[in-house]
Structure formats: C-alpha cells, structure tokens
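Report on the structure given below.
Each reported figure results from applying straightforward, stated rules to the coordinates on display, with no laboratory input. This is a predicted model, so every value here is computed, not measured. Don't worry about glycine lacking a Cβ; one is built from the backbone with ideal geometry, like all the others, and counts go over all protein chains shown.
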Amino acid sequence: MKKVLLIVNPCAGQKKARRFLMDMVAILNRGDCQVLVHVTAAPGDGEAAVLRYAGEVEQILCCGGDGTFHEVVSGLLKCGGEIPLGYIPAGSTNDFAASLKLSTNLLQATRDTVDGSPVKLDVGRFNDTYFSYVASFGMFTKVSYATPQSVKNILGHAAYALGGIQELSQLKSYPLRFTLEDGTVIQDSFIFGAVSNTFRVGGILTLDAAQVDMSDGSLELLLIRPPRNLLELSECVVALQQKNYNGSLLTFVKTAALTVQAPEKMPWTLDGEMENGCNQIEIRCVHHAISVIAPPKKEKKNRGKRLPRVDSP
C-alpha cells in the first residue's frame, strides 16, 4: 500500500473537509493507500506537518484553501520537493486549483489524486520564502480574498474591484522600481501588481491563458498604474476583461527573475496570505520545483451517430 499524508484544514471555505473527511479516507483506502491524517489547528501547521512526516510517506495530499496549499508547498520545498503532491481544494477562492482545472467536489478531487498523474510545476521564491502561484500587492489583494466567490462570480472578475470604486482618491498607489532579469527597468507608481504563475488571481483577475505556462521557467508580471479620471478607469476595466495589456495603464511581461525596490511597509500577499514587505525584494522562478497530481484526462464523448440501447438480460 502507498503511504499517504493527508493534511486537512477543517476551517477552510464552508468547512466541507470536516463533513467529508471519512468519505475521503475511504476513497483513498480503496485506492490502496494507507492514510495518515493530520488536521491543522493553527497557522503554520500545514508546513510543520510536512516537515514532520515527509520522511515517512510516499505522497502528500492537501485539503484546504490556497493558504493551506501555500503552507504545504513551503514545507515540501524545505524537504527537497521530491514527494508528489495532490490538492483537494476546499477553500473559497481556489485560484491554484482553477488554473489546474481541479475539481472542487471534494470526493471527485480525492478520486483524481488516486487516478491522476504528477506533473512538474514551477513555483516562485520571494526573498527567503516561497509562493505556489502569486505574490501581489495593491487594490485587488485585500478586497478579493475577503469577498465570497459567489459575489465575485455575479459581478465579474476585474469589474468587481475596479467598478466598485466610487472615487479615484480611494486608489492608493506605490512608487516602485522593477528590474527584470534582462536588465529592463520599469519605474512608476502602481495601484496593483502581481508576480504570478497562474491563470487567476484572487478569484477576480483572469490572465490570458495563451500567455501563461505554469512550467516554462518564467513568471508573469502584471502592473496597473493609477487612472487619472473615470474614463481611464473604465478603459482599464475593459482592457482587463478583454485581456488586452497594451494600454498605457497596464504592463504585462514574462521574466524568470526580478528585483523590486519598494516602500518598506508596503504590504504583500503570497498566495492570499499576508506578507511583510521590505525595501528590496528578490523574486525568481524555481523551475519544476514541485510535482502536482493532475486529474486524469477525460475521454472524449462519442459525438457520432447515437447507438441503440441494449437492454440487459
């Protein structure tokens, strides 16, 4: 039997993991897995569990939100990152899961960790810590992670955050200098920025899938400058919805590494979790750092002539 560590955050999302835990374990048992369950009780428990049990198991499963996954990935990388990692998304945002097209049905997601196959993915490094899919600052970060996904879905991605602004004075901007790996310098004031390896940020901002590859050794940098009037604000909303990054307010580039010079107290979020800023931040892509179990590919349905029904005897 395969020895599996199942790390569960019972408080994530609508506390679904608490209700379905025994069913999840039963599915894993039927998949020839011997399961060690660790239920988190405080911030940092996910990372601590990985560090404690990694040497005893062949696979790690994380059931929780993006924050729990962030902790588990951090612990896994401190152990070398070799153990295959499965993600059973149970949070309210689930950006990383959406990018990998993982099921948000806990029982189906559990089955997929049994039947799926590991794929190599990149992660980001933020000074001395890691992020699994995004390091961000500014206007989207606080509001997006504090808002139910159902509200975001109704109002629509970027329009939710930008469209909800009544006065331009609400937009706080930060003077920043970005130096990319090739020496390119981007210096200006920005109301939002994200260094990411994902298709979606905060359940609000969706990036162009054609320009994002989660295993290409690069990160995507998206920056938004402050609009001067309501017309520019409206144009920015439309540009983000259309994934058109050529406007004067937007910058979108790919890079394997960058240095950020920023105000010391400017807050950041790593995978939706708050992170203290500093004057100089080194961010780089760690290529193929983790192996994440992707769901099995679904067979294409037969779209030809419908076959006649054959009744059982």
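Determine, for each peptide in 205-212, 120-127, the mean count of other beta carbons within 10 angstrom over its residues, then list the peptides with the highest first. Don't skip to the answer; put the middle values down first.
Values: 205-212: 15.8, 120-127: 19.2.
Taking the mean over residues of other Cβ atoms within 10 Å, the ranking is 120-127, 205-212.
Tell me which residues come under 5 Å, amide H to amide H, from Gly86 once H is placed; ignore anything under 5 positions away on its chain.
Ile60, Leu61, Cys62, Ile293
Show the residues, 5+ positions off or on another chain, whose built amide H is closer than 5 Å to the amide H of Glu181.
Ala256, Ala257
In terms of the Cα gyration tensor, with a ≥ b ≥ c the square roots of its eigenvalues, is the range 2-115 rounded because a/c is under 1.5, prolate because a/b exceeds b/c, or oblate?
Working: a/c = 1.36, a/b = 1.08, b/c = 1.26.
In terms of gyration-tensor shape, rounded.
With 10 angstrom as the radius, rank Glu71, Glu282, Glu56, Glu232 by how many other C-beta atoms surround their C-beta, starting from the fewest. Spell out each step's value before the answer.
Values: Glu71 25, Glu282 12, Glu56 9, Glu232 16.
Taking fewest neighbouring Cβ atoms as first place, the list is Glu56, Glu282, Glu232, Glu71.
Please list the non-local residues whose amide H lies under 5 Å from the amide H of Val286, H modeled 1.01 Å from N, same-chain partners needing a gap of 5 or more.
Result for Val286 returns Val123, Gly124, Arg125.
How high is the relative contact order of the range 247-303? Use alpha-carbon pairs under 8 Å, at least six apart in sequence, and give a whole percent. Intermediate results must be reported in sequence, preceding the final value.
Values: 46 pairs, mean separation 17.1, N = 57.
That works out to 30 percent.
Within the set of other residues whose C-beta is less than 14 Å from the C-beta of Asp213, count the net charge using Lys and Arg as +1 and Asp and Glu as -1.
On the way: positive: Lys120, Lys254; negative: Asp122, Asp208, Asp216, Glu220.
Counting the neighbours of Asp213, the net charge comes to -2.
Would you be so kind as to identify which of Pro43, Gly67, Cys11 lies farthest towards the positive end of the dipole of the range 2-115, taking Lys and Arg as +1 and Asp and Glu as -1 on Cβ and the Cα centre as origin?
Farthest along the dipole direction, towards plus: Cys11.
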